[in-house]
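Novice: Can you read through this structure? Questions will come right after.
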Amino acid sequence: MSELQIGEIVTAIYKTGKYIGEITDVRPQHYLVRVLAVLKHPMQGDLHNPKEADVLIFHERRALSYREQANIPTKMVKPFENEVPEYLTSLKEAVEKMKKELEETPSQWTEMSIKAIESLKKDYKF
């Protein structure tokens, strides 16, 4: 497999979110990726107890912000061939998609996740 290069546009999975970004540095086992758009908003709650409502702290998880850089393991980064959407539009679409999916399977965890997302929408200012 050929190694990706600085300046390439890629998709990158970080924690439970998926982003489109640009590689800004190549490291031994990671790429440093600058976020340009959001494909999938991170799941809400405790990453160590996914989809559990009865946890010590139910985390409100923000998406990485525009141009924020993150160290992503090389196996979580793939080339991206399409046009890069505008960040705010992509964030809004990712939030709405997640909310719609959550509403399809009611549970205490989904209710808590929807509340967290509503709070994030105010924070994101849309």
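Novice: Within the group Met98, Met112, Met76, which residue is modelled with pLDDT of 95 or more, farther than 24 Å from Ile20 by Cα and surrounded by 12 or more Cβ atoms within 10 Å (Cβ to Cβ)?
Specialist: The unique qualifying residue is Met112.
Novice: Look through segment 115-126, keep the residues that are out of contact with any helix residue (DSSP H, G or I) (no Cβ under 8 Å at 6 or more places or on another chain) and touching a residue at least 24 places away in the same chain (Cβ under 8 Å), and return whichever of them is surrounded by the fewest Cβ atoms within 10 Å (Cβ to Cβ).
Specialist: So, considering only residues that are out of contact with any helix residue (DSSP H, G or I) (no Cβ under 8 Å at 6 or more places or on another chain) and touching a residue at least 24 places away in the same chain (Cβ under 8 Å), the one surrounded by the fewest Cβ atoms within 10 Å (Cβ to Cβ) is Asp123.
Novice: Of the numbered conditions (1) surrounded by fewer than 18 Cβ atoms within 10 Å (Cβ to Cβ); (2) at positive phi, Leu4 satisfies every one except a single condition; which is it?
Specialist: Checking Leu4 against (1) surrounded by fewer than 18 Cβ atoms within 10 Å (Cβ to Cβ); (2) at positive phi, the one that fails is (2).
Novice: Then there's this: Count, please, the residues in segment 1-53 that happen to be touching a residue at least 40 places away in the same chain (Cβ under 8 Å), in a strand (DSSP E or B) and over 19 Å from the mean Cα position of the chain (by Cα).
Specialist: Selection size over segment 1-53: 0.
Novice: Among the residues of segment 16-57, which ones are among the charged types (D, E, K, R) and exposed (fewer than 13 other Cβ atoms within 10 Å of the Cβ)?
Specialist: Asp25, Arg27, Asp54
The values are calculated or read from the model by the stated rules, or taken from the named source; none is laboratory data. In this text, all values refer to a predicted model and were calculated from it rather than measured experimentally. In this analysis, Cβ positions are derived from the backbone assuming ideal geometry, glycine residues included, and neighbour counts consider all displayed protein chains.
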